[in-house]
Amino acid sequence: MTQQALQDEIAHLERRLRDAKARLKQSPTNDAAAFTSPSASLHALLLVADSALPLGSFAFSSGLESYLAHHKPSKPSASQLSDFHTFLGLSLSTLARTSLPYVLAGYRTPADIATLDNDLDASTPCTVARRASIAQGRALVAVWDRSFKPHYHDASVCASAAATALSLFSAALRTSGQVNGHLAPLWGLVTSMLAVPLPQAAYLFLFAHARTVVSAAVRASVMGPYQAQAVLASAELQEQMRVLVDEAWHVRVEDAGQSVPVMDLWLGRHEKLYSRIFNS
Amino acid sequence: MSFTSPFGASTSKPGQGSIVLDILPPDKPVLRTVSYQYPLKLVAPDPLPPPNYVKDADDSVDPAIPRLIHTVFLLTYGGGIVAGDSIDLHVRVDSNTRLILLTQGSTKIFKTPSPELVSRQHMTVNLQQNSALVYLPDPVQPFAHAAFAQSQVYHLEKGRGNLCVCDWVTSGRSARGENWDMYEYKSRNEVWTAEETGKRRLLVRDNLILDKHGKTEMPLSWRMDNYSVFGTVIIRGPIFSSLSKFFLDEFEALSRIGGRNWGDAVQPELLPHEQRRYERQQREKTDGLIWSAANVRGFVLVKFASREVEGSRKWLRDMMKEEGSLLHKFGERAMLCLK
């Protein structure tokens, strides 16, 4: 490029800058009124929906890796895409039957957090699933303590009751051996303090799981990143998650249970895989 | 004129039953109560001394080993559970006693005229300290269009009872082409501990829900991944410690999934137990049996699934026999349903 061409370009850009400044001066100043301010709950939702939330979820495939190993195609080159879709459906359905009631209970009755944590631990029959749930739950407590707490602590009376429950629980996590820190009830508790509406918190719990499994599928070379986004955007997935939240809405934690028994086997046998890229 | 029955009003309800195993001082275990109402039936054969009692008696009698082990068969009239039946059994096992519960053939669940009419079977077991229960029944076999919910709830005094219980279910009458065609099958296993303070704490909950409720559930047969049998074994307590350890060790010794034999490793001469393990693992492959074992909260939880009922039955029997302590401490009867 010649000296002359560059000088022309600079002159052109300067002219555009002047024009833009002039237009800004002429424009009416009451734009802010027409613009509705995003609510605080949207902001909170964005915070917990962020895939960069440091829960370490990317380390877990929630049984996908083991499932794929148990369903090796006869030809090594064959695609496992249809198997993946079956698995995602089963996995979401299992999560909604086993864990979602604990999310709802953690949100609604924060004072019961220690019992919920114990009962969910008692209902988790394999070490692999237990490890994954606890690692993410404890990470969520850490994020709350270090990042969110100073900004949300005295938001409302309800939130402060939950906050008391959580600070007690968080202290017990460090001292008592009987406290585990499972993700589901803590997810409910933390989203209640952030004042995320419960239906959204529950939906997000499922969505985050779907996103984790889909992301694991990309890394396990089942599908490409564009296909992955298409799965997450699909109407079927949305419909399934909406119905699952709806169905779990009135399920008591005592009645949470396994609807896909072979899932426990896939998860339990993850430890027996010859090669692993995930922790679950 | 009204008619007044000359008999007192019955206090017992249909389907109720009670088993109390007590110690008659100084040390004789006796079945104090065995009561039942239609459609439940309980049969208690004569108790037998445990195989290890006689042997150990030569030098000194171990006070921890009871003189007799009692067995009770849980039966139903007609050999199955009909729509609307409701069974409620309470079992109490006193300190230092041991009880074996058995069934006679699979528990058949007949079809229900309407999915809302659910048959039920509840069992509550109270285990005092140092008592033990072995409950290795035949599987439950819900026929097509059956609706059934059962629960087995175990209360351990101060968490110190000993348990070895199995709960398994099959896909129905596979010979008639039934493949998980029931309306609903639910089975709940819970173990609670009662602390000195009177507070109860849940130790383990294993809740299986096979139903077609809801719009999102895929057909049951899809969810089962071509398996016809699913089961859970729950083991706890010092009496079963070597059995627990055996399951964990054998799980550890399973060959890696997706591992390959490159043919460059020299096959060493196998020790007898390694040879038996190798043969069992070959049978697992032919029977399409997969299993896992986990050590959680003081329990060993074993999950298994297989293509056919006999595959699981054979596997359970192989495992228990190979380890041997169950036979040694409770005798052949403990494994009668696995024959």
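The values are calculated or read from the model by the stated rules, or taken from the named source; none is laboratory data. Because the structure is predicted, anything quoted here is derived from the model rather than measured. Here Cβ is always computed from backbone atoms with ideal geometry, including for glycine, and neighbour counts include all displayed protein chains.
From the set of residues in segment B:284-306 that are among the β-branched types (Val, Ile, Thr) and at the interface with another protein chain (Cβ under 8 Å from one of its Cβ atoms), which is nearest to A:Lys272 (Cα to Cα)?
B:Ile290
Does A:Gly188 qualify as being closer than 25 Å to A:Thr127 by Cα and not in a helix (DSSP H, G or I)?
Taking the combined requirement at face value, the residue does not satisfy it.
If you scan segment B:177-200, which residues turn out to be free of Cβ contacts under 8 Å to residues at least 40 places away in the same chain and under 21 Å from A:Ser99 (Cβ atoms)?
B:Lys186, B:Arg188, B:Glu190
If only one of A:Ser82, A:Ser66 is touching a helix residue (DSSP H, G or I) at 6+ places or on another chain (Cβ under 9 Å) and either hydrophobic (A, V, I, L, M, F, W, C) or farther than 18 Å from A:His182 by Cβ (or both), which one is it?
The conditions single out A:Ser66.
Please go through segment B:14-30 and pick out each residue that is of a type outside the set (Val, Ile, Thr), under 17 Å from B:Thr124 (Cα atoms) and surrounded by 14 or more Cβ atoms within 10 Å (Cβ to Cβ).
B:Gly15, B:Gln16, B:Gly17, B:Ser18, B:Leu21, B:Asp22, listed by residue number.
Going by what's in this entry, would A:Leu95 be described as part of a helix (DSSP H, G or I), in contact with a helix residue (DSSP H, G or I) (Cβ under 6 Å, 6 or more places away or on another chain), of a type in the set (A, V, I, L, M, F, W, C) and at the interface with chain B (Cβ under 10 Å from one of its Cβ atoms)?
So A:Leu95 does not fit the description; no.
Does A:Lys25 fit the bill of being modelled with pLDDT under 90, part of a helix (DSSP H, G or I) and exposed (fewer than 10 other Cβ atoms within 10 Å of the Cβ)?
So A:Lys25 passes the test.
Filter segment B:197-223 for residues that are surrounded by fewer than 20 Cβ atoms within 10 Å (Cβ to Cβ), at the interface with another protein chain (Cβ under 8 Å from one of its Cβ atoms) and in contact with a Phe, Trp or Tyr (Cβ under 8 Å, 6 or more places away or on another chain) and give the result.
Result: B:Arg201, B:Leu202, B:Asp211.
Scan segment A:223-253 for residues that are touching a residue at least 12 places away in the same chain (Cβ under 8 Å) and either within 13 Å of another protein chain (Cβ to nearest Cβ) or within 30 Å of B:Ala253 (Cα to Cα) (or both) and jot them down.
If the condition is that a residue be touching a residue at least 12 places away in the same chain (Cβ under 8 Å) and either within 13 Å of another protein chain (Cβ to nearest Cβ) or within 30 Å of B:Ala253 (Cα to Cα) (or both), then A:Leu237, A:Gln240, A:Met241, A:Arg242, A:Leu244, A:Val245, A:Glu247, A:Ala248, A:Trp249, A:Val251, A:Arg252, A:Val253 are the ones that fit.
Right, B:Arg277: closer than 21 Å to A:Leu265 by Cβ and either surrounded by fewer than 18 Cβ atoms within 10 Å (Cβ to Cβ) or more than 12 Å from chain A (Cβ to nearest Cβ) (or both) or not?
In short, yes.
Restricting segment B:242-265 to residues that are of a type in the set (Gly, Ala, Ser) and part of a loop (DSSP other than H, G, I, E, B), which is modelled with the lowest pLDDT?
Applying the filter and picking the extreme gives B:Ala265.
If we scan segment A:254-264, do we find a residue that is closer than 20 Å to A:Leu140 by Cβ, in the same structural domain as A:Leu95 (by TED's automatic domain parsing) and surrounded by 19 or more Cβ atoms within 10 Å (Cβ to Cβ)?
Yes; the residues of segment A:254-264 include at least one that is closer than 20 Å to A:Leu140 by Cβ, in the same structural domain as A:Leu95 (by TED's automatic domain parsing) and surrounded by 19 or more Cβ atoms within 10 Å (Cβ to Cβ).
Starting from residues that are assigned to a helix (DSSP H, G or I) and polar (S, T, N, Q), keep the ones in segment A:224-253 and report whichever is farthest from the chain's Cα centre (by Cα).
Across segment A:224-253, the extreme among qualifying residues is A:Gln227.
Looking at segment A:257-276, which of the residues that are within 26 Å of B:Ser151 (Cβ to Cβ) and more than 7 Å from chain B (Cβ to nearest Cβ) is farthest from the chain's Cα centre (by Cα)?
A:Trp266
Given (1) out of contact with any helix residue (DSSP H, G or I) (no Cβ under 6 Å at 6 or more places or on another chain); (2) more than 14 Å from chain B (Cβ to nearest Cβ), identify the lone condition not met by A:Gly181.
Failed condition: (1).
Just to be sure before I move on: is A:Ser133 among the polar types (S, T, N, Q), at pLDDT 85 or above and surrounded by fewer than 20 Cβ atoms within 10 Å (Cβ to Cβ) in the structure I sent?
Criteria not met by A:Ser133.
Applying the selection to segment B:75-96, what residues are under 24 Å from B:Pro50 (Cβ atoms), crowded, with 18+ Cβ neighbours inside 10 Å and more than 18 Å from the chain's Cα centre (by Cα)?
Correct list: B:Asp94 only.
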